[in-house]
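Bear in mind these aren't lab numbers, they're just calculated from the coordinates by the rules spelled out. These figures come from a predicted structure and were not determined experimentally. Methodologically, a virtual Cβ is constructed for each residue, glycine included, from the backbone with ideal geometry; neighbour enumeration extends over all protein chains shown.
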Amino acid sequence: MTIDPRILEIIVCPQCRGELAVEAESLYCTKCLLAYPIRNGIPVLLIDAAIKRG
């Protein structure tokens with residue numbers, strides 16, 4: 001999944017304000033390790049929709 005790099009520069013994890021990175025069909029926080037789904041090309045940055053990695 002491709003997300004415009006300009007978008008990645010301005011969005012942050014809603015849980016901890018950490019940096020988000022793209023991985024397969026999700027965005028994951030490099031700080032708290034929550035993964036947020038990308039649905040139809042749109043990141044769903046809802047804490048309730050996130051999955052804890054690791």
*With each run of n ≥ 4 DSSP H residues scored as -39500 (n - 2.57), what mean residue ellipticity at 222 nm is computed for the chain after dividing by its residue count and rounding to the nearest 500 deg cm²/dmol?*
-2500 deg cm²/dmol
*For the chain, compute Rh as the Kirkwood radius over C-alpha pairs and then the Stokes-Einstein diffusion coefficient at 10 °C and 1.306 mPa s; write the answer in µm²/s, rounded to an integer.*
147 µm²/s
*Roughly how big is the chain's charge dipole about its Cα centre, with Cβ charges of +1 (Lys, Arg) and -1 (Asp, Glu), in debye to the nearest 20?*
160 debye
_Simple label model, 7 Å out from Cα along Cβ direction - I47 to C16, nm_ = 1.3 nm
*For a quick protection proxy, order the peptides 27-34, 6-13 by their average other-Cβ count within 10 Å, most packed first.*
27-34, 6-13
